[in-house]
Structures are given as structure tokens and as C-alpha cells.
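J.: The structure is given below, and queries will be raised subsequently.
The values are calculated or read from the model by the stated rules, or taken from the named source; none is laboratory data. Owing to the predicted nature of the structure, the values given are computational and were not obtained by experimental measurement. Here the Cβ positions follow ideal geometry from the backbone for every residue, glycine too, while neighbour counts run over all protein chains shown. SASA here: full protein model, heavy atoms, side chains in, ligands and nucleic acids out. Shrake-Rupley method; radii C 1.70, N 1.55, O 1.52, S 1.80 Å.
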Amino acid sequence: MLVLLLLLQVPGPSSAAVVEGKGSPTAEIPRLESAVQIDGKLDEPVWSQATRLTGFWQYQPVDGRPAEEETEVLAWYAPDAIYFGIIAHDRNPSAIRATVADRDNIDNDDYVVLDLDTFHDRRRAFFFAVNPLGVQADGVRSEGAGQVSSLIPGSTDKNPDFTWDSKGRITDRGYEVEVRIPFRSLRYPGGGPQTWGFNVTRVVKRTGYTDTWTDVRRANASFLGQEGAIGGLHDMRHGVTIEAQPFVTATADGNLDGVSGKFIREDVNPDAGLNLRLGFSSYALDATANPDFSQVESDQGQVTVNERFALFFPEKRPFFLEGIELFGSPQTLVYTRRIVNPKAGAKLTGKFGQLGVAHLTAVDQTDAGDAWFNISRFRRDLGRNSIAGLTFTNRDQAGEHNRVLAGDFRYVWSLYYAQFQYGRSWTSDGLGSRNAPIWQAEYDRTGRSWGFNYLLNGQGAGFDDQAGFVNRLRSGVVNGHAFNRFTLYGARGAQLENLTVFFGQERTWLYDHFGFKPGLEGDEQFDATFQLRGGWALNGHVQRDFVNFQDSSFAGYTIGSAAGPAYRPADHFSGFTGTVKVTTPTWRQLDATVSYGRGRAAIFQEGTTGRGWQLIGGVDLRPTSTVRITALGTLFRLSRLDGREFARSTIPRLKLEYQPNRALFFRVIGEYRSERRAALLDPASGDSLFVGGAAQPTTEFNGFRLDLLASFEPTPGTVAFLGYGSSLESDQEFNWSRLQRVNDGFFVKLAYQVRR
């Protein structure tokens with residue numbers, strides 16, 4: 001009888017713990033000496049012993065409400081990996097969005113994201129996302145610092161790739177996904193019992209709703225700070241992960257000879273290299289010799305005909321992506337795309353207790369000789385969500401150097417955070433030696449209905465960061481903004497679910513004039529977004545811009561001839577612009593967006609006023625689960641006040657992707673660019689303007705870029721790429737018959753990653 005009573009007290013399969021997400025609960029998950037086949041079917045007995053996470057909450061467009069669709073996540077772990085089973089119920093399974101997509105390309109699908117804050121510091125989390133078929137997206141979510149590969153502070157960076165397994169299937173109740181994440185693919189503190197920060201996010205595309213396991217609220221300065229946790233983790237097997245990736249590449253480039261008019265192709269240029277990585281539980285060492293840093297997709301075109309600022313493109317090259325989030329700081333003092341053609345590099349990234357450490361050394365090959373880069377970043381956690389950091393960058397080349405040292409501090413409390421940074425650059429080159437400061441002060445309130453962000457950035461005259469990204473092409477300015485937000489929420493079932501209004505102003509001052517004279521340029525703006533039930537979004541934006549033109553910017557200008565009288569621009573520009581934007585729901589086979597704006601605009605090259613308009617549209621088509629078509633288009637026109645055209649830009653872009661399975665991928669990208677800028681004229685007399693003694697005639701470019709790619713990537717790091725890219729130019733707009741190839745290139749890359 002005693003034996004029978006004891007047996008009755010042993011937990012059975014149906015006694016697995018159930019943890020609802022309200023608040024920030026900690027769910028104890030079981031350690032089971034078992035393994036399952038990752039096939040998208042939660043039919044193995046071990047799943048009945050997993051901890052069940054339920055009780056999801058809506059986060060967008062209205063927070064604090066129980067989710068309309070039910071979601072359950074099952075969690076347990078074995079000695080070598082952690083397992084998750086996702087059960088996403090859906091009242092309309094036929095409307096679930098799912099495609100056989102390329103890695104990290106599931107934003108237009110339904111998907112679920114697992115955030116693993118393995119250091120439980122509420123500042124950084126590895127995320128693992130899956131669509132209903134188990135197609136993967138992954139990367140790092142971080143808060144409190146700008147990302148090296150993004151201009152947005154506190155962002156999600158999808159560029160890092162991890163090794164893990166997932167498979168999903170659509171059912172008559174919704175969809176199910178199995179996930180296995182090896183501990184060797186994660187970083188976490190050393191031995192001993194552990195509790196990891198954890199949350200789950202589910203996105204339902206047809207409704208536009210985002211749900212989370214914990215009841216994450218808008219009225220909080222931190223998203224990760226509202227995570228729950230999973231506990232009971234102990235005796236996990238990580239060991240030392242050794243990765244070696246030998247690779248070979250071959251290119252065959254061709255160029256049009258300007259003298260003979262013949263197209264000449266270079267000999268095939270084979271090359272080989274090696275990437276090495278030692279991964280420990282909390283840090284990693286990376287090294288590379290003769291790395292291949294070629295891109296396999298062209299950067300998307302941007303309008304440049306009336307642009308004065310540097311263009312930012314995210315980092316995508318594999319060597320730089322390991323631990324890239326640890327290099328982030330409030331201003332983008334580290335921008336690894338400044339290392340253009342490295343010969344070799346080494347890197348240490350990791351976290352030791354509350355201290356994050358990142359260091360990179362690389363040798364960049366340039367026409368002027370080798371340039372040595374040394375970049376270091378240290379970041380220490382303070383309190384629950386606050387941080388302090390120190391960044392140092394150094395670039396040395398042929399006796400010249402550029403060094404930057406900066407410290408930063410971010411303090412978070414309740415709905416608010418305050419962030420400060422101060423640093424300085426020291427530069428020595430052919431122009432002599434100079435130094436200048438850089439600083440930032442930011443104050444933010446993230447309330448549910450009312451929030452604001454007030455920011456000042458300062459760059460002293462002569463500031464230079466040759467390892468970072470400075471948005472303006474000049475230093476010696478202070479820029480800032482004061483933005484306010486009000487949000488109204490509709491009742492459950494209402495047609496208007498969310499109305500968000502932004503309004504505020506931006507200003508730029510000359511550095512020495514800040515606080516003493518009016519702004520050099522700036523704007524006042526008002527923006528309203530209507531989020532409607534069913535996934536529609538409408539946006540309206542009104543803005544007044546002003547510019548006080550500086551005579552010093554036109555010091556080399558003369559009128560009529562090189563010896564003509566000096567040109568003086570108008571004193572200032574002021575004008576209004578308005579923009580409307582419509583975004584459709586994400587239907588099963590397509591979604592689209594279109595925006596149109598027009599109004600007065602400054603013509604910076606002439607220091608005068610013009611009128612302009614811009615039309616931007618995009619359509620994503622998914623005729624089958626394996627085919628994706630993306631069409632984008634930009635039309636930009638800028639005219640003088642008398643109606644004569646000053647500049648125009650037309651950029652249509654078409655991307656076609658075919659993916660028969662998750663490993664095999666084919667892509668075609670075609671982008672046409674037609675740009676024209678009129679000859680510079682004196683607005684008063686109509687005479688030509690000369691700059692530095694040279695006339696400024698009409699400039700025109702008409703070209704087409706074609707990129708073809710076939711890839712086979714069964715696992716991250718083991719890849720085969722075959723690609724072709726070609727640039728063609730014409731002397732006439734949209735005259736396809738006169739397009740002439742000016743350069744092209746074939747490339748092959750074979751890489752095999754050994755992981756032990």
C-alpha cells in the first residue's frame with residue numbers, strides 16, 4: 001500500500017508546469033536526458049514533460065490586453081541544447097503567411113521570436129525567430145547603444161548568424177514549430193546554476209498584431225527590462241567550440257577600355273583564405289587571414305543629387321559580425337565598413353561578469369599603403385538597466401594617425417532614461433595636428449500616452465573619426481531635436497486601433513554659435529499615423545524647413561566666368577512640405593506601400609529656393625511559397641522657382657527570388673538609375689556659376705545594374721556562391737538599346753565550416 005501511495009505522488013506527463021506571462025515570471029524548465037527529431041511534430045513523449053508558457057498579451061497596436069490569438073511555448077533542456085515547441089493557434093489557418101524564405105527574410109511572414117538574455121542583464125539578448133515552416137532569422141537585440149550596423153539605438157541586428165535547428169508545419173489549428181538551440185551556439189556565464197532572461201514575441205501579419213508572453217507595456221524605457229525568465233539551468237555542456245572555415249574564391253572582372261572602346265576581361269583571379277574561431281561560454285576569439293569580404297547583394301539605391309550627408313549602409317561581412325553589438329555606443333564611433341579591404345584581422349569579444357569587452361585589430365590594404373586599425377570598447381552594467389562605456393579607436397598609416405577616445409553613461413529609471421557621451425579626436429596628417437571634441441546629451445520619456453525625446457549632438461571643428469560614421473560631411477556643428485509623442489488607443493474591435501502623433505523641431509548650429517546665435521538650419525514637423533483594424537496604416541506628415549546660407553560655403557563661386565564677380569547666395573530659405581503615406585495589410589500573397597510628398601526645398605548647390613516632389617512605392621508579391629518578387633520605385637524632381645528643372649532622379653528596382661528549399665537560393669536584382677542635375681546658375685542674372693574657376697555644366701547619369709546569384713548554404717558557414725554583376729551606362733534616359741556595359745564581374749566562392 002505504501003508503494004502504491006508513493007507511485008501516485010510521482011508527477012506524470014500531464015503534471016508539467018504551466019506559467020502564464022502576466023508580470024515578469026520565472027519559469028523553471030526541466031532538465032531531461034533526451035533528444036527529439038526536429039520535424040515540426042510535437043509528438044514525442046518528452047514534450048509532455050516540458051514547462052508550458054501561456055497567457056500571452058497584445059503589445060501592438062494596443063498594449064495591456066489579452067492576445068486575440070492563443071500561443072503556447074513548451075520549454076525543456078538536455079545537457080547539450082535547449083528545446084522549444086511553439087504552438088500558435090489561429091482562428092483562420094488558411095490566412096497564415098508562410099514562405100520558404102532565405103535566412104533572415106521572414107518579416108513578411110507570420111513569425112515567432114524567442115529572446116534569450118543569457119546573461120540576464122536586460123540589455124542584450126540573442127533572438128531566434130521562425131516562421132510557420134521553421135525558416136530561420138536570428139541575431140542580437142540590444143538596448144542602450146547605437147549598433148555598428150544600424151543608425152538606430154537599441155535595435156535588432158539580424159546580421160549575425162548562429163547554428164541551430166528548426167522545423168515547422170501548418171495545421172488545422174494554426175501552426176507548430178520545433179526548435180533546438182545548442183548551448184555551443186550561445187554565450188552565457190560560466191558554470192553553476194543559471195537563470196536566463198526570456199520572452200516570446202508573436203507577429204500575426206494579416207491583423208498587424210504583435211503579442212508577447214510577458215505583458216510588455218509601452219510605458220517603460222526598456223523592452224528587455226520587462227522580460228520574464230527561465231530557470232533551473234545547470235550542468236550545461238558547452239566546452240570550447242573550434243570553428244575553422246577555409247574558403248576559395250575566384251573572380252573574373254571586366255572593364256570597358258576608354259581608349260580602344262573594347263571590353264577587356266582580366267584573367268581569372270583565384271584566392272584562398274581562412275577564418276578561425278575559438279568560442280567559450282562567455283567570450284570568443286576570432287582571426288582571419290586573407291579574408292574574403294565580397295558582398296553578394298548590391299546596396300539599395302538612394303537619391304544623391306541634392307544630398308549633403310554621408311550615406312550609411314549596414315555591415316554584412318561575416319568576420320565583423322561576431323559580437324558586433326558589443327562595439328555599439330550612443331554615437332556611431334565604430335563603423336567597420338571603414339575597413340574596406342583587410343589583409344588580416346583578429347578580434348576578442350565577450351562578457352565577464354558585468355563587463356563587456358570587444359577589441360578588433362585589422363590591417364587594411366589601400367593605394368597609399370597598409371592602414372592599421374585598433375578598435376576597443378568596454379561596457380559595464382550598472383544597476384538594473386544602466387550602463388557606462390568607454391570607446392577607443394585608432395587608425396595609423398604612413399606616419400599619420402587618427403585617434404578617438406570617448407566615454408558614455410546611460411541611466412534608466414521607470415519611464416525615463418538619460419544618456420551622455422563625451423569624447424575627443426586627435427589627428428595628425430599632412431594638414432598638421434589637430435584635436436576636437438564630440439559629445440551627446442539625451443533625455444527620454446517612454447510613456448504609454450505621452451512620451452518625448454530631447455537630444456543634442458556636438459562635433460567640434462576638426463573632429464574626425466576615421467574608424468566611425470559621422471553623418472555630416474563636416475564637423476563644427478551642434479544638432480539637436482525636441483520630439484514629443486501622444487498616442488490614443490481605440491477600444492477592442494474599434495476601426496481605429498491606434499493614433500500616434502509626433503511633433504517637434506530640429507536645429508543645427510555652428511559649433512561656436514551654439515547658445516548665442518539662431519540655428520544655421522532646422523525644421524518644425526508634425527506627423528500622425530492611423531493604425532486601422534485589419535492592418536491598414538495611414539500617415540500624414542507636415543514639415544517647415546529653413547536654412548541660413550553661409551557665404552563661406554560659396555567662397556569659391558564666381559558669376560559668368562572664372563574672373564567674374566563673387567557670388568553671394570540668398571540669405572536664407574524657408575518652406576513647407578507635406579507627405580502622405582498608405583501601407584496595406586500583409587495579405588497572403590502581397591503587400592504594398594506608397595508615399596507622396598511635395599513642397600519647397602533648398603537648392604544647396606546654388607544657395608536658393610526650389611520646389612520639389614517625391615514619389616516612393618513598393619510592392620511585395622508572393623505568388624507561391626517559393627517565389628518572392630519585390631518592386632521598388634523612387635521618383636524625385638526638384639525645380640527652380642521659375643519652373644526650370646534643377647535635378648531629377650528616377651530609380652526603379654526589381655528583385656526576384658526563387659527558393660525551392662531552405663538551402664538552395666536563386667536571386668536576380670535589376671536597378672536602373674537615371675539622374676540629372678542642371679548647370680549651376682546665378683538665380684538673379686541667369687549667368688553660369690563657376691566654382692574654383694571651373695564651370696559647372698549639366699551632369700547626367702543613366703545606368704543599369706544587374707546582379708545574379710545562386711547559392712547553396714546547408715548550414716551557416718558552409719556555402720557555395722556563384723554570381724555575376726554587371727554595370728551598364730547610356731547617354732540617353734531609358735534608352736535600353738544604347739546601354740553599354742562598362743564593367744562586370746563573375747565570382748565563385750566555396751567555403752566549408754568545420755565545427756568541433
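J.: Take the residues in the stretch 236-271 that are of a type in the set (D, E) and farther than 17 Å from E729 by Cβ; name whichever of them is surrounded by the most Cβ atoms within 10 Å (Cβ to Cβ).
T.: Selected residue: E243.
J.: Could you run through the stretch 311-355 and say how many residues are more than 23 Å from Q419 (Cβ to Cβ), of a type in the set (A, V, I, L, M, F, W, C) and either modelled with pLDDT under 85 or open to solvent by less than 20 Å² (accessible area, probe 1.4 Å) (or both)?
T.: Of the residues in that region, 7 qualify.
J.: Out of all the residues in the stretch 208-234, which are more than 23 Å from the chain's Cα centre (by Cα) and open to solvent by less than 20 Å² (accessible area, probe 1.4 Å)?
T.: W213, T214, G228, A229, I230, G231, L233
J.: Give, as residue ranges, the strands (runs of 3 or more DSSP E) completely inside the stretch 25-77 that count at least 2 residues that are touching a residue at least 40 places away in the same chain (Cβ under 8 Å) and farther than 15 Å from H89 by Cβ.
T.: In the stretch 25-77, the matching strands (runs of 3 or more DSSP E) lie at 26-28, 57-60.
J.: Please go through the stretch 585-625 and give me each residue that is among the polar types (S, T, N, Q), more than 25 Å from S649 (Cβ to Cβ) and either modelled with pLDDT of 95 or more or part of a strand (DSSP E or B) (or both), ordered by number.
T.: Residue satisfying the conditions is T624 alone.
J.: From the set of residues in the stretch 710-756 that are within 22 Å of A137 (Cβ to Cβ), in contact with an Asp or Glu (Cβ under 7 Å, 6 or more places away or on another chain) and assigned to a strand (DSSP E or B), which is modelled with the highest pLDDT?
T.: That would be V719.
J.: Against the conditions (1) more than 21 Å from G535 (Cα to Cα); (2) hydroxyl-bearing (S, T, Y); (3) surrounded by fewer than 17 Cβ atoms within 10 Å (Cβ to Cβ), where does T630 fall short? Just the number, please.
T.: Answer for T630: the failing condition is (1).
J.: For A563, work out the one condition from (1) closer than 30 Å to L632 by Cα; (2) open to solvent by 30 Å² or more (accessible area, probe 1.4 Å); (3) of a type in the set (A, V, I, L, M, F, W, C) it doesn't fulfil.
T.: The single condition A563 does not satisfy is (1).
J.: Here are some conditions: (1) closer than 30 Å to R103 by Cα; (2) among the small types (G, A, S); (3) open to solvent by less than 20 Å² (accessible area, probe 1.4 Å). S625 meets all but one. Which one does it not meet?
T.: (3)
J.: Taking only pairs six or more apart or across chains, which ones have beta-carbon atoms under 6 Å, a first residue in the stretch 361-377 that is open to solvent by 10 Å² or more (accessible area, probe 1.4 Å), and a second residue that is in a loop (DSSP other than H, G, I, E, B) and of a type outside the set (V, I, T)?
T.: As it stands, the answer is Q365/N341; G369/A398, since those pairs meet every condition given.
J.: Yes or no: the stretch 383-391 includes at least one residue that is within 16 Å of G323 (Cβ to Cβ), in contact (Cβ under 8 Å) with a residue 24 or more places away in the chain and open to solvent by 60 Å² or more (accessible area, probe 1.4 Å).
T.: Within the stretch 383-391, none of the residues are within 16 Å of G323 (Cβ to Cβ), in contact (Cβ under 8 Å) with a residue 24 or more places away in the chain and open to solvent by 60 Å² or more (accessible area, probe 1.4 Å).
J.: Still on this structure, I have one more. Check the stretch 569-578 and report whether any residue there is crowded, with 17+ Cβ neighbours inside 10 Å, at pLDDT 95 or above and within 25 Å of the chain's Cα centre (by Cα).
T.: Looking for residues that are crowded, with 17+ Cβ neighbours inside 10 Å, at pLDDT 95 or above and within 25 Å of the chain's Cα centre (by Cα), one finds none in the stretch 569-578, hence no.
J.: Further question on the same structure: Which pairs do you get when a residue that is without any contact (Cβ under 8 Å) to a residue 60 or more places away in the chain and within 26 Å of D523 (Cα to Cα), found in the stretch 552-575, comes within reach of a residue that is part of a loop (DSSP other than H, G, I, E, B) and open to solvent by 50 Å² or more (accessible area, probe 1.4 Å), reach meaning Cβ atoms under 8 angstrom, with the pair 6+ apart or on two chains?
T.: Final answer for the pair search is F554/R568.
J.: Here's a follow-up. Can you confirm whether N199 is open to solvent by less than 10 Å² (accessible area, probe 1.4 Å), in contact (Cβ under 8 Å) with a residue 12 or more places away in the chain and within 25 Å of the chain's Cα centre (by Cα)?
T.: It is true that N199 is open to solvent by less than 10 Å² (accessible area, probe 1.4 Å), in contact (Cβ under 8 Å) with a residue 12 or more places away in the chain and within 25 Å of the chain's Cα centre (by Cα).
J.: Applying the selection to the stretch 433-461, what residues are open to solvent by less than 30 Å² (accessible area, probe 1.4 Å) and either in contact with a helix residue (DSSP H, G or I) (Cβ under 8 Å, 6 or more places away or on another chain) or among the small types (G, A, S) (or both)?
T.: If the condition is that a residue be open to solvent by less than 30 Å² (accessible area, probe 1.4 Å) and either in contact with a helix residue (DSSP H, G or I) (Cβ under 8 Å, 6 or more places away or on another chain) or among the small types (G, A, S) (or both), then A436, G447, G451, G458, Q459, G460 are the ones that fit.
J.: Something else now. Which one is most open to solvent (accessible area, probe 1.4 Å) among residues in the stretch 406-432 that are more than 28 Å from R122 (Cβ to Cβ), touching a residue at least 12 places away in the same chain (Cβ under 8 Å) and not charged (D, E, K, R)?
T.: Result: W426.
J.: What number of residues within the stretch 661-695 satisfy the criterion of being open to solvent by 20 Å² or more (accessible area, probe 1.4 Å), in a loop (DSSP other than H, G, I, E, B) and either farther than 18 Å from A566 by Cα or modelled with pLDDT under 95 (or both)?
T.: Result for the stretch 661-695: 10.
J.: Taking the stretch 509-520 on its own, how many of its residues are crowded, with 19+ Cβ neighbours inside 10 Å and either under 26 Å from the mean Cα position of the chain (by Cα) or assigned to a strand (DSSP E or B) (or both)?
T.: Final tally of qualifying residues: 1.
J.: With the condition kept exactly as written, say whether any residue in the stretch 434-452 is assigned to a loop (DSSP other than H, G, I, E, B), β-branched (V, I, T) and either over 22 Å from I387 (Cβ atoms) or in contact (Cβ under 8 Å) with a residue 40 or more places away in the chain (or both).
T.: no
J.: Out of the stretch 733-756, which residues are open to solvent by 70 Å² or more (accessible area, probe 1.4 Å) and under 24 Å from G258 (Cα atoms)?
T.: F734, W736, S737, R738, Q740, R741, F746
J.: Let me ask something else. Tell me the residue from V580, V594 that is touching a His at 6+ places or on another chain (Cβ under 8 Å) and of a type in the set (A, V, I, L, M), please.
T.: V580
J.: Still on this structure: Check whether at least one residue in the stretch 528-536 is on the phi > 0 side of the Ramachandran plot and surrounded by fewer than 18 Cβ atoms within 10 Å (Cβ to Cβ), and report yes or no.
T.: There is at least one residue in the stretch 528-536 that is on the phi > 0 side of the Ramachandran plot and surrounded by fewer than 18 Cβ atoms within 10 Å (Cβ to Cβ).
J.: Additional query: Taking the stretch 462-478 as the search range and keeping residues that are open to solvent by less than 40 Å² (accessible area, probe 1.4 Å) and among the aliphatic types (A, V, I, L, M), which one is modelled with the lowest pLDDT?
T.: Among them, the one singled out is V470.
J.: Looking at (1) over 30 Å from T336 (Cβ atoms); (2) of a type in the set (A, V, I, L, M); (3) assigned to a strand (DSSP E or B), find the lone condition where A494 falls short.
T.: The failed condition is (3).
J.: Looking only at residues in the stretch 711-725 that are within 24 Å of the chain's Cα centre (by Cα) and not hydroxyl-bearing (S, T, Y), which one is surrounded by the fewest Cβ atoms within 10 Å (Cβ to Cβ)?
T.: E713
Residue by residue, here is whether (1) more than 22 Å from V542 (Cα to Cα); (2) not basic (K, R) holds:
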{"site": "Y489", "(1), (2)": "yes, yes"}
{"site": "R492", "(1), (2)": "yes, no"}
{"site": "V501", "(1), (2)": "no, yes"}
{"site": "G504", "(1), (2)": "no, yes"}
{"site": "R507", "(1), (2)": "no, no"}
{"site": "Y511", "(1), (2)": "yes, yes"}
{"site": "F514", "(1), (2)": "yes, yes"}
{"site": "P518", "(1), (2)": "yes, yes"}
{"site": "G522", "(1), (2)": "no, yes"}
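J.: Something else about it: So, of the residues in the stretch 19-36 that are under 18 Å from M236 (Cα atoms) and of a type in the set (V, I, T), which turns out to be nearest to the chain's Cα centre (by Cα)?
T.: I29
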